[in-house]
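Reviewing the structure listed below.
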């Protein structure tokens, strides 16, 4: 029997018994938004294009739902220069042509280092090959990924629907991510430019040790407050803010005032590179690295054992120099579980 390239997580359904879904965000360069929209419409077999502004397109009525295509420069995407000028009272002082010229100038400068991004709607677990077909269509037409230029700090983000919205489950998955983090970095090899940016910052060591401690048994409110105390930012390799905002919007937004957070019942896994231009790379590789996290989270015995081992490792004053011994323990579990 042919093995599914996109592996199934141990909990394939959500708390309501429905098949879980997964959203993806793929960053790339080398294709304009109109060209990208045309490529995707053909690959998806239909739909319609809506131009929100020159830097923000929507693909409506596709078989999976609505896709978003943007030049990932937030200032232009979400408001456009003209709206911002209106907010500061300058819209009447500048001619429309001047504003449009400024927008084009900013966008042209941005294209050198800022990616285009396609964001998918939630796709059912059994249909994740659709993401690979999208990636391949863009690759065939010249899309460029992380390694195409030293300045391309492009990512491939994965937004899996949470299987259970309860503090115990969320805590188990976060612990599993912490335990696998060094292994995932070695396996995925995030581009150095991406690692030098703040976008995929690792978690603070004190927070990691607090969460891995077997005595850490918070309520959901306590967990959210602790997370916000240590991580008042979107810039984590695993960003929990969209999920926590879904669970308790008022609490999160009161602490993250001014931050744009899309509340949704998903993890936001940001570690993988965008290797859209590499024929030998399958998006399933990034997805399967996430499934490994969920697999460890579901292995209660291994999770407890590796948590204790990791805490001993981190307590050593020489842990930075003894990472290989720790990685060997993790790799032993990975090999056993595969």
| task | Determine how many Å³ per residue the convex hull of the Cα atoms of the chain encloses. | result | 158 Å³
| message | Can you sort 326, 287 from fewest to most other Cβ atoms within 10 Å of each residue's own Cβ? | response | 326, 287
| Degrees, to the nearest 10: 323-337 long Cα axis against longest axis of the chain | 90 degrees
| note | Exposure proxy check on 135, 323: fewest-to-most Cβ neighbours within 10 Å is 323, 135
| region 272-325: C-alpha gyration tensor shape, a/c 1.5 cut-off, then a/b vs b/c | oblate
| said: On C-alpha positions alone, give me the angle between the axis of helix 220-230 and the longest principal axis of the chain, in degrees, nearest 10. | reply: 70 degrees
| Fewest to most neighbouring Cβ within 10 Å: what's the order for 257, 51? | 257, 51
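Per DSSP H run of at least 4 residues, take -39500 (n - 2.57); add these up for the chain, divide by its residues and hand me the 222 nm value, nearest 500 deg cm²/dmol.
Values: 14 runs with 159 residues, N = 338.
Estimated from H runs of four or more residues: -14500 deg cm²/dmol.
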| query | Which of the peptides 201-211, 221-231 is most tightly packed, and how do the rest follow, judged by the mean count of other Cβ atoms within 10 Å per residue? | reply | 221-231, 201-211
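Run the numbers on the chain and let me know its relative contact order in percent, using alpha-carbon pairs under 8 Å that are six or more apart.
RCO, the chain: 23 percent.
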| query | If packing is taken as the mean number of other Cβ atoms within 10 Å per residue, what is the order of 124-130, 40-46, highest first? | reply | 124-130, 40-46
| query | In terms of the Cα gyration tensor, with a ≥ b ≥ c the square roots of its eigenvalues, is region 131-244 rounded because a/c is under 1.5, prolate because a/b exceeds b/c, or oblate? | reply | prolate
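A short reminder: the numbers here are calculations on the coordinates, not readings from a lab. These numbers were taken from a predicted model, which means no experiment stands behind them. All Cβ positions, even for glycine, are placed from backbone atoms using ideal geometry, and neighbour counts span all protein chains on display.
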